[in-house]
Amino acid sequence: MWEYTDKVRELFLNPKNVGEMENPDAVGEVGSITCGDALKLSIKVDKDTGKITDAKFQTFGCASAIASSSALTELVKGKTLEEARKITNQDIADYLGGLPDEKMHCSVMGQEALEAAIAHYKGEQVPQQTKERVVCKCFDVSEEKIRRVAIENHLTTVEEITNFTKAGGGCGACIPDIEAILKEVWSLKEVPKPVEPKKLSNLQKIALIQDVLEREIRPRLQADGGDLELLDIEGNKVVIGLRAMCVSCPMGGVTVQGIETKLRELVSSDIVVEAR
């Protein structure tokens, strides 16, 4: 299970500056509900001083997304636009006392929303709306974003890129492209290739499915107030029941798809997950 700092818990349970802003001077919107995370940042700017006088956010995401967005609004208030432009995703994570590696993409989303809001205010082109080659179609992550985040955060592995951008965390088809980008960025001599999984017996497959659900899936769901129950395994079909917060979550279908992707990655490529 992920370890959250007291600051993350505080801003998740009692977020600051959350809600709709009346007549904002600029708005930055990033992410997509279909991809699991979305953030809208609204700011007011004093035209005489160029300082951000107020900031509010609305987000669709996990505890880390809420805490990161709240931290962002606290960081930008009182700063000039040029000072705010220098805020990085690491600054957001540091304000929170750190984030789990798997949740660093929430701080990146905050930085992007701020960039978008400042660009909107200045009448500039929003960085995320430029025509860039999409590498990860599951989460709509461009090659330029992967390069920028890798350089700014000194990321050298696909796993790190997934933690910071979600790229590679879906079907996995983009992993060779991500490896190639990292190899070019850092001039790596060799990028390790995935090892072909060994053929499992039925008993081994069942045991591995149970292990992955208990070790990899349930702790992540429980960290965000959700849970699941393994109901049955019928050949290559894994039948689960969503529990707790997952029952009423509008992203239940995405959750099931993510579970299926992880089981296909760690157990067998022909697994199908069904929720009842």
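Every listed requirement among (1) open to solvent by less than 10 Å² (accessible area, probe 1.4 Å); (2) under 14 Å from the mean Cα position of the chain (by Cα) is met by Leu96 save one, (2).
Of the listed requirements (1) hydroxyl-bearing (Ser, Thr, Tyr); (2) in contact with a Lys or Arg (Cβ under 8 Å, 6 or more places away or on another chain); (3) open to solvent by less than 10 Å² (accessible area, probe 1.4 Å), Thr53 misses just one: (3). All conditions in (1) assigned to a strand (DSSP E or B); (2) buried (at least 17 other Cβ atoms within 10 Å of the Cβ); (3) of a type in the set (A, V, I, L, M) hold for Val27, with the sole exception of (2). All of (1) out of contact with any strand residue (DSSP E or B) (no Cβ under 7 Å at 6 or more places or on another chain); (2) surrounded by 16 or more Cβ atoms within 10 Å (Cβ to Cβ) hold for Ala275 with one exception: (1). Of the residues Arg220, Arg264, Arg243, the single one that is open to solvent by 50 Å² or more (accessible area, probe 1.4 Å), out of contact with any Cys (no Cβ under 9 Å at 6 or more places or on another chain) and either of a type in the set (Phe, Trp, Tyr) or at pLDDT 85 or above (or both) is Arg243. For segment 43-64, the criterion of being among the aromatic types (Phe, Trp, Tyr), in contact (Cβ under 8 Å) with a residue 24 or more places away in the chain and not in a helix (DSSP H, G or I) is met by at least one residue. For Ala113, the stated conditions hold: it is over 13 Å from the mean Cα position of the chain (by Cα) and either buried (at least 17 other Cβ atoms within 10 Å of the Cβ) or at pLDDT 95 or above (or both).
The values are calculated or read from the model by the stated rules, or taken from the named source; none is laboratory data. All of these numbers come straight from a predicted model, not from anything done at the bench. All Cβ positions, glycine included, derive from the backbone under ideal geometry; neighbour counts span all protein chains shown. The accessibility values were calculated without ligands, DNA or RNA, using every heavy atom of the protein model including side chains. Shrake-Rupley method; radii C 1.70, N 1.55, O 1.52, S 1.80 Å.
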